[in-house]
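Where a number appears in this text, it was derived from the coordinates with a stated rule and is not lab data. Everything quoted here is computed from the prediction, not taken from an experiment. Positions of Cβ are backbone-derived with ideal geometry, glycine not excepted, and every protein chain shown enters the neighbour counts.
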Amino acid sequence: MAVDGVTFSVRRGETLGIVGESGCGKTTLARMIVRLIEPDSGTMYFRGHNWLGAKGEELRALRSRVQMVFQDPIASLNARMRVGAIVSEPLVIHEPRLARRERHARAQKMLDAVGLGADSVTRYPHEFSGGQRQRIGIARALVLRPDLVVADEPISALDVSVGAQILELLDSLRRDFSLTLILISHSLPVIAQLATRVAVMQGGRFVEFGSADQILQSPQHPYTQALIQAVPQVPS
């Protein structure tokens, strides 16, 4: 799905939720934000820097400040690498002068922060559960201490209870590390748990944008109203 005419800003330290049905362009937008996909036109600025115009060393420096947590915690991890190497790989790329011992220490510290023990460093991804693998992906994204993290459907492949734990972890890490978080999901209840502002996406465009309270309590667009009506209700 093409993304067309999307305009928004993200405040430092907030969680912006982007919600919409599968195929509406959410993942395409997420990959544009981190420059895994280059848009045909438009502009993007990050902390005053021309993000789309950045090249060379400027681009390398900015990339370290914008990281992504991917949807599939299995496909996003290299099965042939030990977890310690996976988490420290961004340091090898962006901080090549860092001593190996320091890289290892920072990777271990970040694994501790996401709730994985010291023994995880020497193990492989297949030895972990889906929720634990997503924690590894989060540790990899945060090891560079970025300013902005884009989480694209981070719990869609997980059981409900495990997904809730991952959401709590993301929110805790956002506070602990002073992160700005863009959370993308097809589930309005998921977005509602963390987001301070919400963008509703349909057909590659934002059809409604506002505070989480306004979107959830007084939706204006018919599509937003339909999303809310589609949320299952637990009988009292």
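Among the candidates VAL34, VAL121, VAL92, the residue that is more than 16 Å from the chain's Cα centre (by Cα), β-branched (Val, Ile, Thr) and within 30 Å of VAL162 (Cα to Cα) is uniquely VAL121.
Residues considered: ALA139, ALA118. Of these, the only one that is of a type in the set (A, V, I, L, M, F, W, C), surrounded by fewer than 23 Cβ atoms within 10 Å (Cβ to Cβ) and on the phi < 0 side of the Ramachandran plot is ALA118.
Of the residues making up the range 143-169, those that are closer than 19 Å to ARG31 by Cβ and either of a type in the set (D, E, K, R) or out of contact with any Pro (no Cβ under 7 Å at 6 or more places or on another chain) (or both) are PRO146, ASP147, LEU148, VAL149, VAL150, ALA151, ASP152, GLU153, PRO154, ILE155, SER156.
What strands (runs of 3 or more DSSP E), lying completely within the range 176-216, carry at least 2 residues that are over 16 Å from GLY13 (Cα atoms) and in contact with a Cys (Cβ under 7 Å, 6 or more places away or on another chain)? Fully inside the range 176-216 and qualifying: 197-202. Test ARG101 against the stated conditions and say whether it is without any contact (Cβ under 8 Å) to a residue 12 or more places away in the chain, exposed (fewer than 14 other Cβ atoms within 10 Å of the Cβ) and among the basic types (Lys, Arg). Spelling it out, ARG101 is indeed without any contact (Cβ under 8 Å) to a residue 12 or more places away in the chain, exposed (fewer than 14 other Cβ atoms within 10 Å of the Cβ) and among the basic types (Lys, Arg). Taking residues in the range 175-188 that are touching a residue at least 12 places away in the same chain (Cβ under 8 Å), and partners anywhere that are outside any strand (DSSP E or B) and among the polar types (S, T, N, Q), the pairs with Cβ atoms closer than 6 Å and at least 6 places apart or on different chains are HIS186/SER22.
Apart from one condition, SER156 fits all of (1) in contact with a strand residue (DSSP E or B) (Cβ under 8 Å, 6 or more places away or on another chain); (2) polar (S, T, N, Q); (3) in a helix (DSSP H, G or I); the exception is (3).
A single member of ALA139, ALA226, ALA151 is under 21 Å from VAL87 (Cβ atoms) and in a helix (DSSP H, G or I), and it is ALA139.
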